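Below is one structure, written out as structure tokens; the observations come after it.
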Amino acid sequence: MTEGDWDKAMNVDVKGAWLCSKYALPHMVTAGGGAIVNLSSLHARMTYPGYFPYAAAKSAIVGMTRSLALDWGKHNIR
């Protein structure tokens, strides 16, 4: 895999979820709370040969979502 292939996979699988959260959060704070639902895959926890970097991207979404919940929970955002 090339670095470009890695970047493309992360942009497709992770960056979109991050950007949606980034731009939704200020509106949720103004509204007094909300919920962010990010979809991952079983590949975040167990995977099969040949699914790299998909498994890494799905694991990143799980970690990002957990971190967002911890950081933004004080604003009633889950």
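The values are calculated or read from the model by the stated rules, or taken from the named source; none is laboratory data. The structure displayed is predicted, hence computed values, not measured ones. When we count neighbours, we look across all protein chains shown, and the Cβ atoms used for this are built from the backbone with ideal geometry, even at glycine.
Can you find even one residue in the stretch 15-35 that is in contact with a Gly (Cβ under 6 Å, 6 or more places away or on another chain) and modelled with pLDDT of 95 or more?
Within the stretch 15-35, the subset in contact with a Gly (Cβ under 6 Å, 6 or more places away or on another chain) is 28.
In the following step, the residues that additionally are modelled with pLDDT of 95 or more were identified as 28.
Yes, the stretch 15-35 has at least one match.
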Report summary line: Restricting the stretch 51-78 to residues that are more than 21 Å from M10 (Cβ to Cβ) and of a type in the set (A, V, I, L, M), the one surrounded by the fewest Cβ atoms within 10 Å (Cβ to Cβ) turns out to be L70
Query raised in the report: Under the condition of being under 21 Å from T30 (Cβ atoms) and assigned to a loop (DSSP other than H, G, I, E, B), which residue from the stretch 47-78 is modelled with the lowest pLDDT?
Result: R78
Report task. Report, ordered by the first and then the second residue, all pairs with beta carbons closer than 7 Å, sequence separation of six or more or different chains, a first member in the stretch 4-16 that is touching a residue at least 40 places away in the same chain (Cβ under 8 Å) and among the basic types (K, R), and a second member that is surrounded by 12 or more Cβ atoms within 10 Å (Cβ to Cβ) and assigned to a helix (DSSP H, G or I). Result -> none
Query - Selection count, the stretch 1-50, where residues are among the aliphatic types (A, V, I, L, M), farther than 16 Å from R78 by Cβ and surrounded by 12 or more Cβ atoms within 10 Å (Cβ to Cβ) - result: 4
Query raised in the report: If M10 passes every condition in (1) part of a helix (DSSP H, G or I); (2) farther than 23 Å from A69 by Cα but one, which one does it miss?
Result: (2)
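S40 - would you say it is part of a loop (DSSP other than H, G, I, E, B), in contact (Cβ under 8 Å) with a residue 12 or more places away in the chain and not aromatic (F, W, Y)? Even if it seems obvious, please write down each step before you answer.
Values: part of a loop (DSSP other than H, G, I, E, B): yes; in contact (Cβ under 8 Å) with a residue 12 or more places away in the chain: yes; not aromatic (F, W, Y): yes.
Yes, satisfied.
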